[in-house]
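Below you'll find the structure, written out as structure tokens, and then a few comments.
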Amino acid sequence: MSTEGKILDLGQLKAGDVLLCYGEGKIGDKIAKHTGSDYSHAVICYSATEAVESGGGLVQKVAISDIVADYSHVAVFRSPVAWSPQHVTAMNIFLDNVIAAKCKYNIVGVFTFVRRKENHELTLPQQIEAYFAGELKPDSFSKDAYFCSELVADCFAATGFLHPSASVVFKSDTYAPGDLGKDPTFGTFVGYLTLGDASQIPEDDEFIDNPTFGEAFGEQ
């Protein structure tokens, strides 16, 4: 499948875009083994030039250009409905508070999410019933530590884009980075960022056949 029309410029990014980074190195290999996806890291755009990630020990703000420089390529996802100016403001307040609290990178969570995900899926009907019976509260999105895709998913809850009842279903600590790209809740595939050329994107990349945001909504 061709990457024609799917290579983006950094200037095309927007606050709220989800960036999935194609894994490299030993950590990337381990995450791929546990998650079944070669996308080993997830970040969310704080603005058009900065992102926030959980990695390197802490939740931190980082230049998007630095993220792209660290990986062979990055897949970009955008929600057509989530990121109004009010949602962006709410997201940035949430992320500023997380950074100020010096929340840590929960690397253990990356390697234990499979078990949590299986248990969550097996017990989901009971959880929904318990929620509407007033016997279960959704998990708080304010935590001491996050793994990368958990932080991204919690941004959607913190902004109010996900209703508390939906948060019972969309449990943030059950999402691996690659999972975010397969769930339209977190956006539609926009294209790829790469500092190299398009040949660095494997022909069998898991998102290469996806319709793009521009094709679906007529805009970038």
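The values are calculated or read from the model by the stated rules, or taken from the named source; none is laboratory data. Worth saying up front: this structure is predicted, and the values here are computed from it rather than measured. Here Cβ is always computed from backbone atoms with ideal geometry, including for glycine, and neighbour counts include all displayed protein chains.
Numbers at a glance
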read-out	value
Residues of the stretch 90-127 classified as surrounded by 11 or more Cβ atoms within 10 Å (Cβ to Cβ), of a type in the set (A, V, I, L, M), more than 19 Å from residue 59 (Cα to Cα) and free of Cβ contacts under 8 Å to residues at least 60 places away in the same chain, total	1
Test result for residue 191, at pLDDT 85 or above, over 17 Å from residue 37 (Cα atoms), buried (at least 17 other Cβ atoms within 10 Å of the Cβ) and small (Gly, Ala, Ser)	yes
Within the stretch 2-22, considering residues that are touching a residue at least 24 places away in the same chain (Cβ under 8 Å) and small (Gly, Ala, Ser), the one farthest from residue 32 (Cα to Cα)	11
Positions within the stretch 159-176 being of a type in the set (A, V, I, L, M) and either modelled with pLDDT of 90 or more or crowded, with 20+ Cβ neighbours inside 10 Å (or both), in sequence order	162, 168, 176
Residues satisfying the stated conditions in the stretch 201-214, i.e. within 17 Å of residue 12 (Cα to Cα) and loosely packed, with under 12 Cβ neighbours inside 10 Å	none
All positions within the stretch 197-220 that are assigned to a loop (DSSP other than H, G, I, E, B) and either within 14 Å of residue 2 (Cβ to Cβ) or of a type in the set (A, V, I, L, M) (or both)	197, 201, 202, 203, 204, 205, 207, 208, 209, 210, 211, 212
Residue in the stretch 33-56 that is surrounded by the most Cβ atoms within 10 Å (Cβ to Cβ), counting only those that are touching a strand residue (DSSP E or B) at 6+ places or on another chain (Cβ under 6 Å) and free of Cβ contacts under 8 Å to residues at least 40 places away in the same chain	51
Residue that is out of contact with any strand residue (DSSP E or B) (no Cβ under 8 Å at 6 or more places or on another chain), buried (at least 19 other Cβ atoms within 10 Å of the Cβ) and in a helix (DSSP H, G or I), where the choices are 153, 130	153
Failed item, numbered, when residue 173 is tested on (1) touching a residue at least 40 places away in the same chain (Cβ under 8 Å); (2) part of a loop (DSSP other than H, G, I, E, B); (3) among the acidic types (Asp, Glu)	(2)
